[in-house]
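Let me begin by presenting the structure, written as structure tokens, before commenting on it.
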Amino acid sequence: MLPSKTARRIAVVVKGYPRLSETFIAQEVLALEQRGLNLEIWSLRHPTERAVHPMHKAIKAPVAYLPEYLYEEPLRVLRGAVWSLRQKGFAATIRAFWRDLKRDFSANRVRRLGQAFVMAREMPAEVRHLHVHYLHTPASVVRYAALLTGRSWTFSAHAKDIWTTPDWEKREKMAEALWGVTCTAQGAAHLQSLSRPEQVTLVYHGLDLSRFPAAPESRLLRDGSDPLDPVRIVSVGRAVAKKGYGDLIRALAALPQDLHWRFAHVGSGELLNALKAQAKDAGIADRVAFLGSKAQPDIIALLREADLFVLPSKEAKSGDRDGLPNVIMEAASQGLAIIATDFAGIPEFIRSDVEGHLVPPGDWEALSNALNMLVRDPERRKALGSAAFARLRRDFSMEGGIDILEARLRAAIDSPAREPERV
């Protein structure tokens, strides 16, 4: 017997929960929950950060954690496998898994099947639909679980998952999903080229401005001439290759000696120690502060006190790249002047010399010149910050995207359940 409409739920599947670097997911979950959708969260990994965003505390959806590594919970995995063996969709699931494994022979692939066994067994009957964030490993788990149980599924693709997942895998997953959304025009065009164009829709995350204080009415007109009151430069992002922080350290080190500035970085990441060493070797360690991970209120306070926001994103050697980083919109929410790279989804929001200043990705000299120019010109910073805030409020509010997701997810849970594919 099918559950009643009022009891029908949607499982939102994520790679890790909660994560400070994924406020866009928390914002979406909270907004959909506030609109009356009945959600639960399934995570492939346990949290690794102590700080928690206020939005995570406001979300009421229950959270379930899958075994991060199968050997850590062998009985749970075994129960899932035995249960799955008896399901109508088992043969179809194994066929899909075997095709995947032949092209990607890895322990990671086996782990996703084991996680899918556990999810399929433990997921309540009231869950009618699965919506997964990221088209790479989380979508593999959801795809296998959907094949096992006959549930429908959809996806939100973002950045790394688009650009580092093989085309064959993206094609096959998108062919089985009801639909998908992604957060940049560049990403949407790429995914549409691999599927039916109507299969993937551009939906910007946008920003819920009700969560942010009003932009400061004015900022001090620092111009880098006073050693006792240096210009404050800030960036927020993980210390990973695609964020380009090595280029930023080189750019800062090349600034003229008569320019007085301080730089603060917020975020954790694998390259953090290397960046600290680079700043020390460049002789600017006394001007640079690496603050580690911070909760959202602390980040907003830092943005409000800053004069300039910088994010030098670029493509990593692995192919990983940003989408449209939410933190750029968060900086705009505080009327902060922005320097970024003309790369990925960034120019979809920031038009160079209109809402900010864009430089070529990987060009530290151009970045240094842009910093030098804007540090010395507080009036120009004020104009750019005001324009970025106006564009954010006019074209990148959260509501439009949530309207689309709400309508599509409600249609998904109201559609008839499908029978799992038999042999």
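The values are calculated or read from the model by the stated rules, or taken from the named source; none is laboratory data. For clarity, every value in this text was computed on a predicted model and none was experimentally measured. Counting neighbours? That spans all protein chains shown, and the Cβs are built from the backbone with ideal geometry, glycine included.
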Kindly evaluate residue 323 against the criterion of being small (Gly, Ala, Ser), in contact with a Cys (Cβ under 8 Å, 6 or more places away or on another chain) and either without any contact (Cβ under 8 Å) to a residue 24 or more places away in the chain or part of a loop (DSSP other than H, G, I, E, B) (or both).
yes
Across (1) free of Cβ contacts under 8 Å to residues at least 60 places away in the same chain; (2) under 21 Å from residue 399 (Cα atoms); (3) surrounded by 15 or more Cβ atoms within 10 Å (Cβ to Cβ), residue 19 clears everything bar (2)
The range 311-326 - residue that is at pLDDT 95 or above and buried (at least 23 other Cβ atoms within 10 Å of the Cβ) and, of those, nearest to residue 231 (Cα to Cα):
311
Report, by residue number, each residue of the range 182-202 that is β-branched (Val, Ile, Thr) and surrounded by fewer than 21 Cβ atoms within 10 Å (Cβ to Cβ).
201
Among the listed residues 236, 240, identify the single one that is aliphatic (A, V, I, L, M), closer than 17 Å to residue 327 by Cβ and surrounded by fewer than 22 Cβ atoms within 10 Å (Cβ to Cβ).
240
Selection within the range 51-82 - under 19 Å from residue 14 (Cβ atoms) and either among the basic types (Lys, Arg) or not assigned by TED's automatic domain parsing to the domain that holds residue 13 (or both)
57, 60
From the list 81, 58, 91, which residue is among the small types (Gly, Ala, Ser) and in contact with a Phe, Trp or Tyr (Cβ under 9 Å, 6 or more places away or on another chain)?
81
Answer from 365, 348 - the residue that is assigned by TED's automatic domain parsing to the domain that holds residue 216, more than 22 Å from the chain's Cα centre (by Cα) and not hydrophobic (A, V, I, L, M, F, W, C)
365
Within the range 299-318, does at least one residue satisfy the condition of being over 30 Å from residue 190 (Cα atoms), assigned to a loop (DSSP other than H, G, I, E, B) and assigned by TED's automatic domain parsing to the domain that holds residue 382?
yes
Quick check on this structure: which one of 389, 343 is aromatic (Phe, Trp, Tyr), surrounded by fewer than 24 Cβ atoms within 10 Å (Cβ to Cβ) and not in a helix (DSSP H, G or I)?
343
Cβ-Cβ below 9 Å, separation at least six or inter-chain, first residue in the range 387-407 and of a type in the set (Asp, Glu), second exposed (fewer than 15 other Cβ atoms within 10 Å of the Cβ): which pairs?
406/35; 406/36
Out of 255, 248, 259, report the one residue that is aliphatic (A, V, I, L, M), part of a helix (DSSP H, G or I) and closer than 21 Å to residue 307 by Cα.
248
Go through the range 57-159 and tell me which helices (runs of 4 or more DSSP H), entirely inside it, have 3 or more residues that are over 28 Å from the mean Cα position of the chain (by Cα) and in contact (Cβ under 8 Å) with a residue 40 or more places away in the chain.
74-85, 90-103
Going through 115, 27 one at a time, which residue ends up being surrounded by 20 or more Cβ atoms within 10 Å (Cβ to Cβ) and in contact with a His (Cβ under 8 Å, 6 or more places away or on another chain)?
27
Checked against (1) buried (at least 20 other Cβ atoms within 10 Å of the Cβ); (2) under 30 Å from residue 325 (Cβ atoms), residue 34 satisfies every condition except (1)
So, in the range 280-310, how many residues would count as being closer than 26 Å to residue 160 by Cβ, in contact with a helix residue (DSSP H, G or I) (Cβ under 6 Å, 6 or more places away or on another chain) and either small (Gly, Ala, Ser) or surrounded by fewer than 14 Cβ atoms within 10 Å (Cβ to Cβ) (or both)?
1
Report whether or not residue 409 is within 23 Å of the chain's Cα centre (by Cα), farther than 30 Å from residue 87 by Cβ and of a type in the set (A, V, I, L, M, F, W, C).
no
